[in-house]
Structures are given as structure tokens and as C-alpha cells.
Amino acid sequence: MSQEKNYIEIISPQTHWFDLKLREVWRYRDLIMLFVRRDFVATYKQTIFGIGWYFLEPLITTVLFTLVFSGIAHISTNEVPPLLFYMCGVIAWNYFAKILRNNSTIFTTNAQVFGKVYFPRLSVPISNTISGLVAFGFQLLLFLGFYVYYLAIGANIQASIYLLFVPVLLLIMAALGLGLGLMISALTVRYRDLAIFVNFGVQLLMYLTPVIYPVSEVPVRYQTLVMLNPIASVLEGFRYAFLGKGTFDVFWLSYAALSSILVLFMGIVLFNKVEKNFMDTV
């Protein structure tokens, strides 16, 4: 006769600011993967192109950037084929922007679920971050397809040993996007205007980041100002790893890594603080 097992789940309130409960999030890793699957299915279910949108979005954006900024404005791409230059920047930027946008309204968009079922609330933004990585993986395949083509026709591109650091660059972007998203999400509980500002702010930030231009084209007196944006050095490093053009500056990348860690920590702390009583405000 089998013994009956009693499963007890103790749900306790957050006791202090730095009670992050990350171990509890790890216990719910299966739920996180279910959320990732839900995001993937829900986004492209009953659409004509399905996962083809993963490819169409960066491709259309890249073609427009090539026509406008290279064909009309004649902005330099460091002797790299414009299509590759812009696509490389676009797919990296899309990864960061997707994480930031999707995590900036966690409380308001999931209020009904949060109010009925208990699970670590951090599971949702973490699943959004992983979903963004899936989208990035598809878009990277598109970029690699064009990359192989341009290599075959003898374009002036050359991958560098820094390709090994691409996972680190992705981790920095993920941490920065997640941290900023968590902070904004916590603030939008009281200030709904921020949710509207985020879409505009992300677009504005893209033009302040070297997505459509290399840092070398920025006047010297403004280059430091541009590099103070943590995502700038990451994008430059991403391009340098694949195309062999641009800069891979250890100092600025270290600055970006430290900034992302600080922003992520502050975001988790603020998110957990608001989580306790956000239902009274939403």
C-alpha cells in the first residue's frame, strides 16, 4: 500500500527589498517554458505568414534602411554591403527592443492572471526574454543566409575571433532590456502614460544608437556621448564579430556589462516591491 504524500506550498510575503526569491523562480522553470510556447503559438496562430513574420519584419526594415540611408542619404557603412550592415544592426536592435517593449507592461497586461493564480511573477518577464531569443534565432538565420551569399560573391567582409563573444553580447542586451522593462513595468502601475511613451522612446533611442550608422561616422567630440548608451558598444561589437568592421572596445563593453547588471538588479528589486500590492492600483 503506497504511502500518501502531502505537498505543502508556503506562500510568504516579501520581507525586505532584497528578498528576490530567485530560487523560487528556478523551481517554476517548467511554467516559464510553457509561457514561451504560449507566446510563440499565440503570436502567429491564424496568421497567413505564420513564423514567416520573423523573417519579413527585419527584411522589410533592412530594405527600407538600405534605400533611404544608403541610397538617398549616402551614410557610410564602413565599406560593408549596406544590406548586411543594416540587417546586422536591425536584428540585434530588435532583440533588445522586443524584450524592453514586452516587459514594460507586465502588470497591466497580466493583471487578471496575477490576481487569480499564484506563481513567481518574474516568470512572465523571463519567458518574454526567452521568446525574444527565439525570434532573434530565426532572424539570425536570415542574416546568415545573406552573409553566405555576400561571402560567395567576394564582398569585403570577414568574421573575427570575437564571434565567440556573441553569446556574451546577447546576454548583456537581454539583461539591459529585461532590467529596463521591469523598472518601467513597475512604474506603469501608477503612471500609465509611460506605456505610451515606451513605444516612442524605443524608436527615438534607435536613432541615438548606431543601428543605421557606424560610430566612426559620428564626430569625434560626440563619440563618447554616443558610447555612454550601453547598447551602442554592444551593437558595434556585434557588427565587428560578424563583419570585421567597426569597433570591439573592451572598456565600453565592460561599461555596458556593468550597467546591464546594475539595471537588472534595480529592475528586479523594484518589480518585486511593486508586486506585493499592485492589484490595489491596477
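Bear in mind that the values in this text are calculations on the coordinates, not laboratory data. As the structure is a computational prediction, the values presented were derived from the model and not from experiment. No Cβ is skipped: glycine too gets one built from the backbone with ideal geometry, and neighbour counts run over all protein chains shown.
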Helix-only estimate, please: 222 nm mean residue ellipticity of the chain, summing -39500 (n - 2.57) across DSSP H runs of length 4 or more and dividing by its residues, to the nearest 500.
-21000 deg cm²/dmol
Percentage relative contact order, region 71-211, counting C-alpha pairs under 8 Å, at least six apart:
46 percent
What's the longest bit of the chain with no exposed GluC sites (Glu not before Pro), using DSSP loop states and at most 10 other Cβ atoms within 10 Å as the test?
10-282
Sorted on mean Cβ neighbours within 10 Å (highest first), peptides 138-147, 158-167 come out as 138-147, 158-167
Considering the chain as a Gaussian network with a 10 Å cut-off on Cα pairs, which listed residue, Asn229, Asn199, Asn94, attains the greatest mean-square fluctuation?
Asn199
Phe251 to Lys116: extension gain in nm, 0.36 nm per residue of separation minus the Cα-Cα distance?
43.9 nm
Phi-based couplings in Hz for region 215-223 (Karplus 6.51, -1.76, 1.60; Gly and Pro marked x)
4, 4, 8, 7, x, 3, 5, 10, 5
Largest first and in whole Å, give the semi-axes of region 197-282's equivalent ellipsoid, each being the square root of 5 times a Cα gyration tensor eigenvalue.
32, 16, 11
Taking 0.36 nm per intervening residue step and subtracting the Cα-Cα distance, what contour gain separates Leu262 from Leu204 on full extension?
18.6 nm
Determine the dipole magnitude for the chain: charges of +1 sit on the beta-carbon of Lys and Arg, -1 on that of Asp and Glu, nothing else is charged, the reference point is the Cα centre, and the result goes in debye to the nearest 20.
480 debye
How high is the relative contact order of the chain, given as a whole-number percent (alpha carbon pairs under 8 Å, six or more residues apart)?
27 percent
Tell me the trypsin sites (Lys or Arg not before Pro) within region 22-129 that lie in a loop according to DSSP and have at most 10 other beta-carbon atoms within 10 Å.
Lys45, Lys116
Please name whichever of Val68, Tyr149, Met173 sits farthest to the positive end of the charge dipole of the chain, dipole taken about the Cα centre and charges placed at Cβ: Lys and Arg +1, Asp and Glu -1.
Met173
Segment Ala152-Tyr191, extension gain: residue separation times 0.36 nm, minus the distance between their alpha carbons
8.8 nm
Given springs between every Cα pair under 10 Å in a Gaussian network model of the chain, which of Ile268, Ile157, Ile196 has the largest fluctuation?
Ile196
Evaluated at 25 °C and 0.890 mPa s, the Stokes-Einstein D of region 35-165 based on the Kirkwood radius over Cα pairs, in µm²/s, stands at 145 µm²/s
Across region 140-153, in residue order, what do the Karplus-derived ³J(HN,Hα) couplings come to in whole Hz, using 6.51 cos²θ - 1.76 cosθ + 1.60 with θ = phi - 60° and x for Gly and Pro?
5, 4, 4, 4, 5, x, 5, 4, 5, 4, 5, 5, 5, 8
From fewest to most C-beta neighbours within 10 Å, the residues Met173, Met206 line up as Met206, Met173
Which value in nm describes the separation of the simple spin-label points at Lys273 and Leu163, placed 7 Å from the Cα toward the beta carbon?
4.5 nm
Ratio for the chain, C-alpha Rg to 2.2 N^0.38 Å, reads 1.11
